[in-house]
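Q: Below is a structure I'd like to ask you about.
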Amino acid sequence: MKKTPDPIDRHVGSRVRMQRILMKMSQEKLGEALGLTFQQVQKYEKGLNRIGASRLQQISKTLNVPPSFFFEGAPALGSAEGNGGSAEESSSQYVVDFLSTAEGLHLNRAFARIKDAKIRKRVLDLVTTLADSDGANEG
């Protein structure tokens, strides 16, 4: 029987990935800094392997964030997915997951560079319209 990763481990891993990507650091470079293989970093980021306290401290120093950063927005204890987690929690996890992707970070960075509020609003309207029409095409 395949064991599914703990939601907290997945969350911490996704935060490691998000910060690593924000710093434009490869899994290989992070692994080198920690004395690990990139495969081990991959397992941490997917939540497949739990990150111990001393290793998390090392990662936080390498990625220039406090250890608490990795737990921001983490699912509450006892509200694991499928065990009574609220829609708000799963929605915030979706955002964290999206921002952990290269596309999510790239989109976020580019959007943040748009200074004109009217243009930002128009971009948001465009993306919303595209997403709504894409959803209509799926059915």
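The values are calculated or read from the model by the stated rules, or taken from the named source; none is laboratory data. Predicted model, so just to flag it, every value in this text is computed and none were measured. Using ideal geometry, Cβ is built from the backbone for each residue, glycine included, and neighbour counts are taken over all protein chains shown. With ligands, DNA and RNA removed, areas are computed over all heavy atoms of the protein, side chains included. Shrake-Rupley method; radii C 1.70, N 1.55, O 1.52, S 1.80 Å.
Q: Each label point is 7 Å from the Cα along the Cα-to-Cβ direction; what then is the distance between the points at Arg120 and Leu48, in nm?
A: Between Arg120 and Leu48, the label points sit 3.9 nm apart.
Q: On a C-alpha basis, how far is the centre of the range 92-134 from the centre of the range 1-59 in Å? Whole number, if you could?
A: The range 92-134 and the range 1-59 have Cα centres spaced 25 Å from each other.
Q: Exceeding 25 Å between C-alpha atoms, which entries from my cross-link table qualify? They are Lys46/Lys115; Lys3/Lys43; Lys24/Lys115; Lys46/Lys121. Spell out each step's value before the answer.
A: On the way: Lys46/Lys115 35 Å; Lys3/Lys43 14 Å; Lys24/Lys115 23 Å; Lys46/Lys121 34 Å.
Over 25 Å apart, Cα to Cα: Lys46/Lys115; Lys46/Lys121.
Q: Further question on the same structure: Excluding Leu36 itself, calculate the net charge of residues whose Cβ lies under 12 Å from the Cβ of Leu36, where each Lys or Arg counts +1 and each Asp or Glu counts -1.
A: Net local charge, Leu36 excluded: 0.
Q: Roll a 1.4 Å probe over the protein heavy atoms and report the accessible area of Ile119 in Å², nearest 10.
A: Surface open to solvent at Ile119 totals about 80 Å².
Q: If you take every residue apart from Pro67 with its C-beta less than 13 Å away from the C-beta of Pro67, what net charge results, scoring Lys and Arg +1 and Asp and Glu -1?
A: On the way: positive: Arg15, Arg55, Lys61; negative: Glu72.
Cβ neighbours under 13 Å give a net charge of +2.
Q: Full-extension gain between Glu72 and Glu103, please, as 0.36 nm times their residue separation minus the C-alpha to C-alpha distance.
A: 9.0 nm
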